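Novice: One structure follows; several queries about it will come next.
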Ligand code: RIB
């Protein structure tokens, strides 16, 4: 069984600030650092550092070649990754405050240049039973989900960042959703975790859901049974990419047949380590660092 993550790759410009800027406010930053990022790239790196074998599909410009090198260094197969000559790599402008909380503005670049032809070419390399993971930072996510499911792939969707475009995707074709509380609320109109899970089960009865709750832990449900995993304690310096770390880890563990409880536990530990370090991809731990 192969796993392909068709997702974004970004150059993250992270501004360390005391407080995240309010509307109309101009603020100074303590320092600015350039990090590898993008929800797609972060999740592929987390998957690989959790010991999984994964293909990363997507697009970058020549300014993002270091992202490809990083993925390859971590053992991610980049033969489905295209380098464009005339479009720049996606960028993320991130404020991180003194509590490690963040606020992110994206400029899609090559992530939004993904074409139907590239999607078809990538999916042609995979077959029924393989897994497709995607997020909501690239163009044509709706088509990608549709074609992947028609080809028999198991579609895993992390609709982040949530948008009207994500809501218009053929969500009934998704086998596993990875959501945070905001995304769950946008999908279901419910605010509380149990309400979100119940509504997801009613809307998408074939799908499993993993709902991450930040410091309150995470939940898995298949509509019949629900499992809770508590968050592990951590002194956060930068929460950027913590959700991606969780996603990559939980999927890598599940893909090699580990049970949902063990997979969620490892993912929670990996995310707790990630928040103690700066950057997104740079903060993701290797399996041997988990000390579980
Ligand atoms: O989830 C964190 C990521 O969101 C950052 O790396 C940034 O690039 C944005 O995609």
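Novice: To check you understand DSSP bridge types, tell me what percent of the beta bridges within segment 52-163 (both residues inside) are antiparallel, rounded to 5.
Specialist: 35
Novice: While we're looking at this one, here's another question. Quick one: the Cα spread of segment 153-221 along its three principal axes, in angstroms, biggest first?
Specialist: Largest to smallest, the principal-axis extents are 31, 23, 18 Å.
Novice: While we're looking at this one, here's another question. Helix-only estimate, please: 222 nm mean residue ellipticity of the chain, summing -39500 (n - 2.57) across DSSP H runs of length 4 or more and dividing by its residues, to the nearest 500.
Specialist: That calculation yields -9000 deg cm²/dmol at 222 nm.
Novice: In addition: What are the semi-axes of the equivalent ellipsoid for segment 221-292, taken as the square roots of 5 times the Cα gyration tensor eigenvalues, largest first, in whole Å? Each step should come with its number before you reach the end.
Specialist: On the way: eigenvalues 93, 33, 23 Å².
Rounded to whole Å, the semi-axes are 22, 13, 11.
Novice: As an exercise, find the ratio Rg/Rh for segment 1-107 from alpha-carbon atoms, using the Kirkwood inverse-distance average for Rh.
Specialist: Reported Rg/Rh (Cα atoms, Kirkwood Rh): 1.05.
Novice: What residue among 127, 221, 139 shows peak mean-square fluctuation when the chain is described by a Gaussian network model with Cα springs under 10 Å?
Specialist: 127
Novice: Relative contact order for segment 45-104: what is it in percent, counting Cα pairs under 8 Å that are at least 6 residues apart?
Specialist: 35
Novice: With r defined as the distance between the Cβ atoms of residue 32 and residue 168 and R0 fixed at 35 Å, what FRET efficiency is calculated, to the nearest 0.05?
Specialist: Efficiency, from the Cβ-Cβ distance: 0.50.
Novice: In addition: Hey, what did segment 159-292 get for relative contact order, percent, Cα under 8 Å, at least 6 apart?
Specialist: Answer for segment 159-292 is 17 percent.
Novice: Shape verdict for segment 179-270, please, from the Cα gyration tensor: rounded (a/c under 1.5), prolate (a/b greater than b/c) or oblate.
Specialist: In terms of gyration-tensor shape, oblate.
Novice: What is the projected area of the convex hull of the Cα atoms of the chain, averaged over all directions, in nm²?
Specialist: One quarter of the hull surface, i.e. the mean projection, equals 14.4 nm².
Novice: How large is the direction-averaged shadow of the alpha-carbon convex hull of segment 36-77, in nm²?
Specialist: Spelled out: convex hull of the Cα atoms, projected over all directions, averaged, 2.6 nm².
Novice: While we're on this one: Over all pairs of distinct alpha carbons, what does the Kirkwood formula give as the hydrodynamic radius of segment 50-144, in Å?
Specialist: That comes to 14.8 Å for segment 50-144.
Novice: Here's something else I'd like to know. Report the far tail of the P(r) of segment 95-200, meaning the percent of Cα-Cα pairs longer than 21 Å. Spell out each step's value before the answer.
Specialist: Values: 2350 of 5565 pairs.
Of all Cα-Cα pairs in segment 95-200, 42 percent lie more than 21 Å apart.
Novice: What is the ratio of the Cα radius of gyration of segment 182-227 to 2.2 N^0.38 Å, where N is its residue count, to two decimals?
Specialist: Rounded to two decimals, the normalised Rg is 1.02.
Novice: Looking at segment 77-129, what % of the alpha carbon pairs are farther apart than 14 Å?
Specialist: Every Cα pair in segment 77-129 considered, those over 14 Å come to 67 percent.
Novice: Given Cα pairs under 8 Å that are at least 6 residues apart, what percent is the relative contact order of the chain?
Specialist: Working: 688 pairs, mean separation 55.0, N = 292.
Relative contact order of the chain: 19 percent.
Novice: Evaluate the distance, in nm, between pseudo-label points positioned 7 Å from the Cα of residue 226 and of residue 103 along their respective Cα→Cβ axes.
Specialist: Rounded to a tenth, the inter-label distance reads 3.2 nm.
Novice: Please figure out what share of the DSSP beta bridges in the chain is antiparallel and state it in percent, rounded to the nearest 5.
Specialist: Antiparallel bridges make up about 40 percent of those DSSP assigns within the chain.
Each reported figure results from applying straightforward, stated rules to the coordinates on display, with no laboratory input. The model shown is predicted, which means the values in this text are computed figures rather than measured ones. No Cβ is skipped: glycine too gets one built from the backbone with ideal geometry, and neighbour counts run over all protein chains shown.
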